[in-house]
Each structure stands twice: as structure tokens, then as C-alpha cells.
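The values are calculated or read from the model by the stated rules, or taken from the named source; none is laboratory data. The shown structure was predicted, so the numbers you read here are calculated from the model rather than taken from an experiment. Methodologically, a virtual Cβ is constructed for each residue, glycine included, from the backbone with ideal geometry; neighbour enumeration extends over all protein chains shown.
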Amino acid sequence: MSVSQEAISIPVAYIETFVMTLVAFLIGYIGSHLYSKIVLKKKLATQSDTIKNLKETIDNLQDELDRKADGVFRKDRMDEEFDHLKVRNRAFSQEVISEKLVEKDYTDLINFERIGKASVSDKNELQQIIGIGPYTEAKLNELGIYTFDQISRLTKEDIEIITKLIKFFPDRIKNDRWVAKAIRLKEQLLEDTQDPKKKMKHKKTTY
């Protein structure tokens, strides 16, 4: 009888050992899997923060490059405009300065119902747009164009009319990308209005 009990107890011991080993293996496997997931999640979070920081750095560098490029191109365009004005030196005479730069008949061709009406009190610094110097800004004001918002709404037809009125070279406004720049400056003004701190930062970093 005792021999039979010993024969039975031996397999049971093996089974218990196997079960305990299997349980330990499963616990280790599951624990390792969970740990790997936690580590991976942390790595992904770190990489996400790194990507976000890199994007912010790229945006800041792009803004910096744009401002510096604006400064360089603005000088080139002002030099070009000065040469253009020298060719048309009649515009500098006292006689022309004392009279309207454009005729009312032409200003009626611009659709102010679409681009919006503005006055001196609404005036933006249009010279922030590449290709617009003091003289060109004065002409635009004579036409009734004072704001970035108005320029951002100009159509191809409007641009052709304005080109003739201010006696610009053909495609000058298009090549200088007035509309695109006006849209960006308009959005920037809106952001500055909503965030005073950003406005102060923009003032410090604008060239």
C-alpha cells in the first residue's frame, strides 16, 4: 500500500513543480511585456515632445529668416522704386505733389464693397510689405487703400487697375506677393491683439 502511495506522490510533485514553473514563467513574461510597453510609451512621449520642440524651433528660425529676408529685399525694392521714381521725376514736382495722384474715375473701378473701405484712422504700416515704399504707400492711400486687410482681398483685376494707377511695372505687385504678405501680416496683427505678450515679443524681434 505504501509503495502505491509513493508512486502516486512522485508524479504529483512533478506536476506541482511544472505548474509553479509555468506560473513563474507567465508572471515573468507578462511583467516583462508590461514593462516594455511602459518603456515604449515613455520613449514615444519623449520623442513627441522632442518633435514638438523641433517644430517650434523650425518655426522660430523660419520667422527669423523671413524677417531678415524682408529687410534685404525691402532695401532692394526701395532702391528699385527710387530708380523708378527718378525716371518719373515729374511726380516729385511741387505741382504734382499739390494735386491728387489719381483721378476719381479710376478709383471707382476698385470694388471697395468687396475689399472693404478704410480711412487714415484704420491705417496699417503698409511699408512692411516688400515693394511698398513711402511714395507707393502715399499713392495707395490716395486710392483709399490703408490696411493689410484690403490688400489681402485684392483680385487679379484689382491688381491690374492699381498697377496702372500708380504706374508700376507690369507684374510688380504679383512678383512681390503683396496679397500673400498682407494676409500673413493681417493674421499676425490678429494674434498680437489676442495675446499682448506675443505683441511685445513681436515688437522686440521685428526688423
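Condition check ((1) modelled with pLDDT under 65; (2) at positive phi; (3) basic (Lys, Arg)) across all residues:
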{"position": "91", "(1), (2), (3)": "yes, no, no"}
{"position": "106", "(1), (2), (3)": "yes, no, no"}
{"position": "111", "(1), (2), (3)": "no, no, no"}
{"position": "127", "(1), (2), (3)": "no, no, no"}
{"position": "135", "(1), (2), (3)": "no, no, no"}
{"position": "150", "(1), (2), (3)": "no, no, no"}
{"position": "164", "(1), (2), (3)": "no, no, yes"}
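Mind checking which helices (runs of 4 or more DSSP H) fall wholly inside segment 127-199 and carry at least 1 residues that are within 18 Å of residue 115 (Cα to Cα) and among the β-branched types (Val, Ile, Thr)?
Per the criteria, 148-152, 156-165, 172-175, 178-194.
Name the pairs whose Cβ atoms lie under 7 Å apart, with the first residue in segment 161-175 and closer than 13 Å to residue 110 by Cα, the second part of a loop (DSSP other than H, G, I, E, B), and 6 or more positions between them or separate chains?
Cβ pairs passing all conditions: 161/109; 161/110; 163/170; 165/102.
All but one of (1) modelled with pLDDT of 90 or more; (2) closer than 21 Å to residue 109 by Cβ hold for residue 187; state the number of the condition that does not hold.
(2)
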